[in-house]
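Participant: Please see the structure below; I have some questions.
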Amino acid sequence: MEIKTIIFWILLVAMAAPSFYFGLAKILGKAEKTDLFNRLGYPLWFMKLIGLGEMATAIGLLFDQTRMISIAISAIILVGAIISHLRVQEKNQAMEPTYILILLSIILVFTQF
């Protein structure tokens with residue numbers, strides 16, 4: 001296997017695994033996620049919808065046919081997260097995972113061409 005292919009799959013898993021984990025935490029209604037969505041002013045049904053979207057995009061990243069749409073949807077979710085955190089003046093430390101996932105999205109888009 002080529003080194004480029006290995007690096008590509010490491011980047012994919014580096015984006016898919018946390019997305020799946022964060023989505024699952026939202027769907028399961030973990031206290032920290034519930035508190036976050038309450039603090040951001042969003043209803044809990046929206047948290048479940050975002051969680052489902054995160055999990056779906058994480059799985060979609062693993063397949064060639066759905067990868068680009070998954071990256072696009074994930075980027076939309078992440079930009080929404082950044083805007084939401086900034087709106088309530090969350091600390092930058094709380095947004096670090098979001099920044100990292102946005103960066104991975106950009107890298108993955110450019111590796112597709």
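Participant: Which entry in [x] 29, 22, 11; [y] 26, 15, 11; [z] 58, 16, 4 matches semi-axes √(5λ) of the Cα gyration tensor in Å derived from the coordinates of this structure?
Facilitator: The value computed from this structure is option [y].
Participant: Note down the relative contact order for the chain as a percent, whole number, built from C-alpha pairs under 8 angstrom at least six residues apart.
Facilitator: 28 percent
Participant: Still on this model: Less than 15 Å Cβ to Cβ from Thr34, Lys/Arg counted +1 and Asp/Glu -1: what total charge do the surrounding residues give?
Facilitator: Net local charge, Thr34 excluded: +3.
Participant: Pulled fully out, how much extra length does the chain show between Val109 and Ala31, if you take 0.36 nm times their separation in residues and subtract their Cα-Cα distance?
Facilitator: Extra length from Val109 to Ala31 when fully extended: 24.7 nm.
Participant: Return the calculated 222 nm mean residue ellipticity for the chain, to the nearest 500 deg cm²/dmol, obtained by summing -39500 (n - 2.57) across DSSP H runs with n ≥ 4 and dividing by the residue count.
Facilitator: Roughly -28000 deg cm²/dmol at 222 nm, from the helical runs in the chain.
Participant: Then there is this: Sorted from fewest to most neighbouring beta carbons within 10 Å, what does the list Arg87, Arg67 look like?
Facilitator: Lowest count first: Arg87, Arg67.
Participant: To continue, here is another question. So for the chain, if I pair up every lysine 8 or more residues apart or on another chain, how many of those pairs have alpha-carbons under 26 Å apart?
Facilitator: Total qualifying Lys-Lys pairs in the chain comes to 7.
Participant: Would you order Trp45, Trp9 from fewest to most other beta-carbon atoms within 10 Å of each residue's own beta-carbon?
Facilitator: Trp45, Trp9
Participant: Using a Förster distance of 22 angstrom, determine the FRET efficiency expected from the C-beta separation of Phe63 and Glu96, and round it to 0.05.
Facilitator: The calculated FRET efficiency here is 0.20.
Participant: In what order do Lys30, Lys91 fall by count of nearby beta-carbon atoms within 10 Å, going from fewest to most?
Facilitator: Final ranking by Cβ density, sparse to dense: Lys91, Lys30.
Coordinate-derived values only; no laboratory data. Bear in mind the structure is a predicted one, so any value in this text is a computation, not a measurement. Backbone-built Cβ (ideal geometry, glycine too); neighbour counts: all protein chains shown.
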